[in-house]
Each structure stands twice: as C-alpha cells, then as structure tokens.
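Everything on this sheet refers to the single structure shown next.
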Amino acid sequence: MKTSGIASLLVAGALALASQGALAAGDAAKGEKVYKKCKACHSLEAGKKKVGPSLAGIFGRTAGTVEGFKYSKAMVESGIVWDDKTMDEFLAKPKKVIPKTRMGFPGLKKEADRANLIAYMKEATK
C-alpha cells in the first residue's frame, strides 16, 4: 500500500508529538541521579563555570552564549536554541549534533535517562 505525501507528514507529526510527550514524562528525581554524570563538568549555579559552562537558565538560551565561558567555534556557530528537543538530540550524541564541539561526553543512549535528565534540568536551572 502506497501512502501519500500528506499521510506521511501526518505520521511524522504524530511521531514527533509522541516523542515530545515522552520527554515531558521525564522524572526529575531520577534525572538528578543521571545528572551525576554531568556535574563534574557543569554547574547548575548561575555564574559558576567548571570545565563546561554553567547550565543555569539554559532552556530558551542560544548555545554558546554564557558570558565569560570560552566555547568552541562550532558551539557558538551552531545557532541551537536549547529546548526539550534540541537538548534530547544533543544529549544522545553531542558530536553528531555539533561535530566539532569540545564536549567530550559520548552521550546518553537511553531515552528514559535523557527524558529524566531534561526534567531535572528544567527544574534545577530556572
């Protein structure tokens, strides 16, 4: 059975909504445990940088814009605005999303870990 272009778009849209629902379903308490993998390099405190920049206020911010942190050229030029979707993609495979990023973290394979971490970060970085 052949599907039309419109049907394909509807299926793609439904899958995107389902994926966003999965992200919204993250458990912040479980995400705090996942964050332990991040805290050696990133602080949640505004203005407190480590090897990586502070994550305070990250959602809605353009990548590579924390004042006083020296980012890779690739991060600055990425144009990414951090939201659930972009954060999920980046956390899955940072070097795939921004190939020349200096972030050495290989990524989180489990979708549930990413959803939980995003839920935690959304609370902890306000």
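Structure values in brief
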read-out	value
Considering residues of the range 74-92 that are of a type outside the set (A, V, I, L, M) and under 17 Å from ALA124 (Cα atoms) only, the residue surrounded by the fewest Cβ atoms within 10 Å (Cβ to Cβ)	ASP83
Single residue of the range 34-73 satisfying the filter (under 16 Å from the mean Cα position of the chain (by Cα) and part of a helix (DSSP H, G or I)) that is nearest to LYS126 (Cα to Cα)	TYR35
VAL66 being at pLDDT 95 or above, buried (at least 16 other Cβ atoms within 10 Å of the Cβ) and in contact with a Ser or Thr (Cβ under 8 Å, 6 or more places away or on another chain)	yes
Residue list for the range 55-85, restricted to those being over 16 Å from PHE105 (Cα atoms) and among the polar types (S, T, N, Q)	THR62, THR65, SER78
Unmet criterion (only one of (1) farther than 16 Å from LEU55 by Cβ; (2) part of a helix (DSSP H, G or I)) for MET87	(1)
Flag for ALA12 being modelled with pLDDT under 95 and either more than 16 Å from the chain's Cα centre (by Cα) or of a type in the set (Phe, Trp, Tyr) (or both)	yes
Hits in the range 96-111 (condition: more than 24 Å from ALA56 (Cβ to Cβ) and either acidic (Asp, Glu) or without any contact (Cβ under 8 Å) to a residue 12 or more places away in the chain (or both))	LYS96, LYS110, GLU111
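The values are calculated or read from the model by the stated rules, or taken from the named source; none is laboratory data. Every value quoted in this text rests on a predicted model; they were computed, and no experiment measured them. Every residue, glycine as well, gets a Cβ built from its backbone with ideal geometry; the counts of neighbours run over all protein chains shown.
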